[in-house]
Amino acid sequence: MGALSALSDVLLYRLLEDIKTGTYASVAAATAAAVATNTRQMWIAGIRVGIMLATIVLFAMWIYRAASNTRALGAKDMTFTPGWAVGYYFIPILNWWYPYQAMKEIWKASKAPDAWEAARRGSVLPWWWLFYLLSGLFGYVVYMVASAAHDIDDLRIASVFMAISSVLSVTSIIIAVVLVKQVHRMQMSHVRQPA
């Protein structure tokens, strides 16, 4: 969906460029193209919001379960409870650092439950966190730039930021999927199969 959103943002940019350069034969033709583009953008935004909310819920459930699993595997004296591993995402200021720390703890405890404090964090963690933060930051920038837009040039700039935001979101999601798979694989490697 993010790739479709980025494509739609590029098409919006082209529409605005065409309107600015006078490519359309009439005002009616430009208006019809703008209305069609706006409708497409609204549908994509609505679908993205629905997918985003579902993703937030599922990822929060996975974090809670992964943090609980580390304790079931034998990790002791962990700093972040399963509830706080999720809860820190929703507390302003603290959500800039504590979720990363909680995920690092989950990673280390998944890798070596008996000696998790000495385990090394995975190389995917900083990339996941960087793209998570960049995605959120650019989402905020898009909101600010689009809210302040007064003319076609402002809207063109906003559409560029929207496309960048979409690409960052897709990248963040891909890295998060890699993270989830690696933590799952590590946790499953500690589970004894019944004979």
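Numbers at a glance
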{"read-out": "Of all residues making up the range 97-123, the number that are part of a helix (DSSP H, G or I), surrounded by fewer than 20 Cβ atoms within 10 Å (Cβ to Cβ) and over 15 Å from the mean Cα position of the chain (by Cα)", "value": "7"}
{"read-out": "So Ser147, is it among the small types (Gly, Ala, Ser) and out of contact with any helix residue (DSSP H, G or I) (no Cβ under 6 Å at 6 or more places or on another chain)", "value": "yes"}
{"read-out": "Some residue of the range 131-141 being assigned to a helix (DSSP H, G or I), in contact with a Ser or Thr (Cβ under 8 Å, 6 or more places away or on another chain), open to solvent by 90 Å² or more (accessible area, probe 1.4 Å) and farther than 23 Å from Ala75 by Cα", "value": "no"}
{"read-out": "Residue satisfying all of: in the range 14-24; more than 34 Å from the chain's Cα centre (by Cα) and surrounded by 13 or more Cβ atoms within 10 Å (Cβ to Cβ); modelled with the highest pLDDT among these", "value": "Thr23"}
{"read-out": "Some residue of the range 58-67 being open to solvent by less than 70 Å² (accessible area, probe 1.4 Å) and more than 18 Å from the chain's Cα centre (by Cα)", "value": "yes"}
{"read-out": "Close pairs (8 angstrom Cβ cut-off, 6 or more residues apart or separate chains): more than 21 Å from Tyr100 (Cα to Cα) in the range 47-74, open to solvent by 80 Å² or more (accessible area, probe 1.4 Å) anywhere", "value": "Gly74/Asp114"}
{"read-out": "One residue from Ile164, Ile173, Ile93 being open to solvent by 40 Å² or more (accessible area, probe 1.4 Å) and at positive phi", "value": "Ile93"}
{"read-out": "Residues (closer than 21 Å to Arg185 by Cβ and among the small types (Gly, Ala, Ser)) located in the range 80-128", "value": "Ala85, Ala102, Ala109, Ser110, Ala112, Ala115, Ala118, Ala119, Gly122, Ser123"}
{"read-out": "Members of the range 25-46 found to be under 15 Å from Leu7 (Cα atoms) and open to solvent by 80 Å² or more (accessible area, probe 1.4 Å), listed by number", "value": "Asn38, Met42, Trp43"}
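A quick yes/no check of all residues on (1) under 23 Å from Leu94 (Cα atoms); (2) in a helix (DSSP H, G or I); (3) out of contact with any Asp or Glu (no Cβ under 8 Å at 6 or more places or on another chain); (4) of a type in the set (Val, Ile, Thr):
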| site | (1), (2), (3), (4) |
| --- | --- |
| Trp128 | yes, yes, yes, no |
| Tyr143 | yes, yes, yes, no |
| Arg156 | no, yes, no, no |
| Ile173 | yes, yes, yes, yes |
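The values are calculated or read from the model by the stated rules, or taken from the named source; none is laboratory data. Remember, it's a predicted structure, so these values are computed and weren't measured experimentally. Glycine also receives a Cβ, built like all others from the backbone with ideal geometry; neighbour counts cover every protein chain displayed. SASA here: full protein model, heavy atoms, side chains in, ligands and nucleic acids out. Shrake-Rupley method; radii C 1.70, N 1.55, O 1.52, S 1.80 Å.
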